[in-house]
Amino acid sequence: MALIGLGFGRQHLCLLKRRSSLLLKLTAVVFAVLLFCEFLIYYLVIFRCDWPEVKTPAHDSGQKTLKAMFLADTHLLGEVRGHWLDKLRREWQMERAFQTALWLLQPEVVFILGDIFDEGKWSSFQAWADDVERFQKIFRHPRHVQLKVVAGNHDIGFHYQMSTYKIKRFEKVFNPERLFSWKGMNFVLVNSVALEGDGCHICSEAEAELIEISHKLNCSREERGPGRCGRAPLLPASAPVLLQHFPLFRRSDANCSGEDAAPQEERAIPFKERYDVLSREASQQLLWWLRPRLILSGHTHSACEVLHGAGVPEISVPSFSWRNRNNPSFIMSSMTPTEYALAKCYLPYENTVLATYCVAAGLLVVLILVHSGLLPSPLLFGWNLLRKFKTM
């Protein structure tokens, strides 16, 4: 009986060791996959991005270069249309991507081109406060990095939904300054939702503000005329960079190309003025008033580059969220008062992460089957196959 008990004890101990070994293997695989898919992949992908070199004329070699990052359409989900799992996944992706980019690339200023929230146009007081808290956690940044935001239609509503209350609520969280100057460069941040051109109170105020900015910019670029510019301090003489949510008017995305452009079947679909793009009139006014050297916009969730007027380039920045694209990205720009250079930095592809999880799940299933004896060990199977091949 003692021998039987001893044998049973050894068998039980052996079983426990096998189970412990299996558990250890499963834990190691799960931990490695989670570490790669939720942390390391962001560093591996964004590490390949680098600031573009800006060509500076020899006589301007002393100009300071500004490193600016542009992203758009984060669409933080709200309480109505946002399932908790979807919110968790998308927001984790954006948080890891943004924090990794800050750590690796060290930008000096970050511009977000509207549609920060998905339900800002109708969210309640408490829902708005919750959304803002989540935004501030995801896009937290050191004090030496400036964060500038423009309003989108999902933040304050389209023209017929927009109200003074929603605009003030947005501007209470995000600095309302329309003109931002730094290192000898000017940036004009436009509330493009208010450029309806129908004479509404909010639209009239927005237009008056832009005309005043236009006056200041013109004074900075020209000699002071008697009584024309007064004694107010001049802005830098650099032509401004125009930042807004809606793109300037274009008929469609038919001439857009690249891996992050709109799908081929959607590119020829005509855009609606005041809905997909600004109206012709508003677009011409902005170009005439501000005379920008570069325009960056969001809203379409896809990339595009077009030329306006006398060759002013506009870059449509794709969405930063996996919810809107499989391949989100952001724009990196090295800027001086007279020159700029742009580069695109892609985030990890969502299907790459999903494929990694699927492969890992298959590996876990194989480990469990091998351990349970329902599947021969791959090493043993390979050895037997090799022996069989040699004997033939």
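Structural remarks
- Counting only alpha carbon atoms, the long axis of helix 2-35 and the longest principal axis of the chain meet at about 20°.
- Label selected from [x] 176; [y] 242; [z] 147, the criterion being volume of the Cα convex hull per residue in Å³ as computed here: [y]
- Accessible area of the chain divided out per residue, in Å², using a probe of 1.4 angstrom: 53 Å²
- Counting only alpha carbon atoms, the long axis of helix 164-173 and the longest principal axis of the chain meet at about 60°.
- Here the accessible area is traced with a 1.4 Å probe on the protein chains. For the chain, carbon and sulfur cover 61 percent of it.
- Applied to segment 175-190, the Karplus parametrisation 6.51 cos²θ - 1.76 cosθ + 1.60 on θ = phi - 60° returns per-residue 3J(HN,Hα) values of 3, x, 4, 8, 10, 10, 10, 7, 6, x, 10, 10, 10, 10, 9, 9 Hz, with x for Gly and Pro.
- Of S204, S220, S181, farthest towards positive along the dipole that unit charges on Lys, Arg, Asp, Glu beta carbons give segment 178-317: S220
- Net dipole in debye of the chain [+1 Lys, Arg Cβ; -1 Asp, Glu Cβ; about Cα centre; nearest 20]: 1840 debye
- Positive-end residue of H83, A72, F170, charge dipole of segment 40-173 with Cβ unit charges: F170
- The residues packed around A341, meaning those with a beta-carbon under 10 Å from its beta-carbon, carry a net charge of -1 if Lys and Arg are +1 and Asp and Glu are -1.
- 10 Å beta-carbon shell around R178, net charge (K/R +1, D/E -1): -3
- Modelled this way, with points 7 Å down the Cα-to-C-beta line, the labels at Q264 and E79 are 4.5 nm from one another.
- Gain on full extension, evaluated as 0.36 nm per residue between W182 and S204 minus their Cα-Cα distance, stands at 5.1 nm.
- Relative to the dominant Cα principal axis of the chain, helix 125-138 is inclined by about 70°.
- Only one residue of V306, A237, F330 has its Cα farthest out toward the positive end of the dipole of the chain, where Lys and Arg carry +1 and Asp and Glu -1 on Cβ, and that residue is F330.
- Taking all protein chains as shown and a probe of 1.4 angstrom, V312 keeps an accessible surface of around 30 Å².
The values are calculated or read from the model by the stated rules, or taken from the named source; none is laboratory data. On a predicted model such as this, the values are computed, not experimentally measured, just so you know. Neighbour counts run over all protein chains shown; Cβ positions are idealised from the backbone, glycine included. When the accessible area is computed, the model is the full protein with side chains, heavy atoms only, and any ligands, DNA or RNA have been set aside. Shrake-Rupley method; radii C 1.70, N 1.55, O 1.52, S 1.80 Å.
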